[in-house]
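Undergrad: Shown below is the structure under consideration.
Rule-based calculations on the coordinates, nothing more; no lab input. Just so you know, these numbers come straight off a predicted model, no measurement behind them. In this analysis, Cβ positions are derived from the backbone assuming ideal geometry, glycine residues included, and neighbour counts consider all displayed protein chains.
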Amino acid sequence: MDKWQGRVALVTGASSGIGEAICENLVKHGMKVVGAARRIKNMQDLVEKVKNENGTFLPVKCDVTKDEDIYALFDKIKETFGGVDVCINNAGFFGTGGTPEEWRQMTNVNIIALCLCSKLTVNSLKERGLDDGHIINISSLAGHQVYPFGESHFYTGTKHAVQALSEGLRQELQADNSGIKLSVVSPGLVKTEVFNHVHGNPMYNKIYEGNTSLKSEDIADLVSQILSAPPYMEVN
Ligand code: NDP
């Protein structure tokens with residue numbers, strides 16, 4: 001992680017679970033970390049927690065379903081730190097309501113926001129003439145498999161889209177000799193708040209029972225390992 005010390009990482013969905021753990025880890029590795037989410041209070045607690053670490057943590061209130069919030073986020077990062085070097089697209093929404101409203105919310109959070117943040121990160125790196133940025137997309141095993149799992153087929157569809165969009169952009173960046181890497185992490189079950197808001201289907205209250213789930217810290221460690229990989233190695 002030495003090469004990233006003092007560099008800037010944006011982590012979306014930084015207010016809980018995997019995103020919060022990634023932020024903490026990257027700050028410990030000396031990065032200037034910007035966390036984006038709607039629950040600013042949670043992120044302010046993290047500011048306090050990491051205040052004596054090597055790096056810094058700047059929370060920014062951002063609803064990633066609003067394009068204007070994402071543009072404002074990148075403007076703020078440019079003003080404060082110059083630009084984004086590493087973008088971790090982690091914000092995610094798991095809805096099983098089976099309504100167009102929930103489908104739109106999942107599309108906007110899991111797909112559109114990830115694409116817009118990736119595009120603005122590439123622009124930011126190119127504007128500054130840099131050739132060593134890294135985008136890491138947090139997908140899911142649900143991006144590789146389809147299973148009868150409650151009413152999760154739309155979520156599964158969004159994560160399959162993340163796989164295809166990530167691989168497409170990775171190939172474009174490679175063809176362009178941009179030097180910008182794109183990696184995808186597809187966790188299995190991780191103990192977080194992700195199923196908390198699912199109402200009406202009792203299976204989601206019990207999803208962790210009898211399963212050995214991963215911890216958010218495990219995924220955060222994996223992200224740091226990916227960022228530590230030598231320039232000739234891609235993890236995708
Ligand atoms: P959490 O629910 O703990 O975290 C989700 C994060 O996404 C929160 O910080 C939340 O912030 C943010 N988010 C959701 N909607 C928005 C929005 N509109 N604008 C801004 N931020 C938003 O769940 P996890 O940590 O588990 O999820 C992180 C990622 O990991 C997701 O992409 C998820 O799909 C993926 N994943 C999770 C697995 C698991 O078993 N937990 C397994 C595989 C993948 P806020 O509400 O404050 O805005």
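Undergrad: Among 79, 101, which is within 16 Å of the ligand (Cβ to nearest atom), in a helix (DSSP H, G or I) and surrounded by fewer than 17 Cβ atoms within 10 Å (Cβ to Cβ)?
TA: Only one candidate passes the filter, namely 101.
Undergrad: Something else now. Say whether the condition of being of a type outside the set (Gly, Ala, Ser), surrounded by fewer than 16 Cβ atoms within 10 Å (Cβ to Cβ) and outside any helix (DSSP H, G or I) is met by at least one residue in the range 105-126.
TA: No, the range 105-126 contains no residue that is of a type outside the set (Gly, Ala, Ser), surrounded by fewer than 16 Cβ atoms within 10 Å (Cβ to Cβ) and outside any helix (DSSP H, G or I).
Matching residues to (1) part of a strand (DSSP E or B); (2) out of contact with any strand residue (DSSP E or B) (no Cβ under 8 Å at 6 or more places or on another chain); (3) within 10 Å of the ligand (Cβ to nearest atom):
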residue	(1), (2), (3)
65	no, yes, yes
83	no, no, no
87	yes, no, no
96	no, yes, no
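Undergrad: I want to confirm something. Restricting to the range 171-193 and keeping residues that are charged (D, E, K, R) and in contact with a helix residue (DSSP H, G or I) (Cβ under 8 Å, 6 or more places away or on another chain), which single residue is farthest from the ligand (Cβ to nearest atom)?
TA: Ranking the candidates gives 181 first.
Undergrad: Looking at 146, 60, can you tell me which residue is free of Cβ contacts under 8 Å to residues at least 40 places away in the same chain and in a strand (DSSP E or B)?
TA: Answer to the check: 60.
Undergrad: Can you spot a residue in the range 177-191 that is closer than 23 Å to residue 86 by Cβ, basic (Lys, Arg) and part of a helix (DSSP H, G or I)?
TA: no
Undergrad: Only one of 57, 74 is under 28 Å from residue 143 (Cβ atoms), aromatic (Phe, Trp, Tyr) and more than 13 Å from the chain's Cα centre (by Cα); which?
TA: It is 74.
Undergrad: Any chance you could count how many residues in the range 1-50 are of a type in the set (D, E, K, R) and part of a strand (DSSP E or B)?
TA: The total comes to 1.
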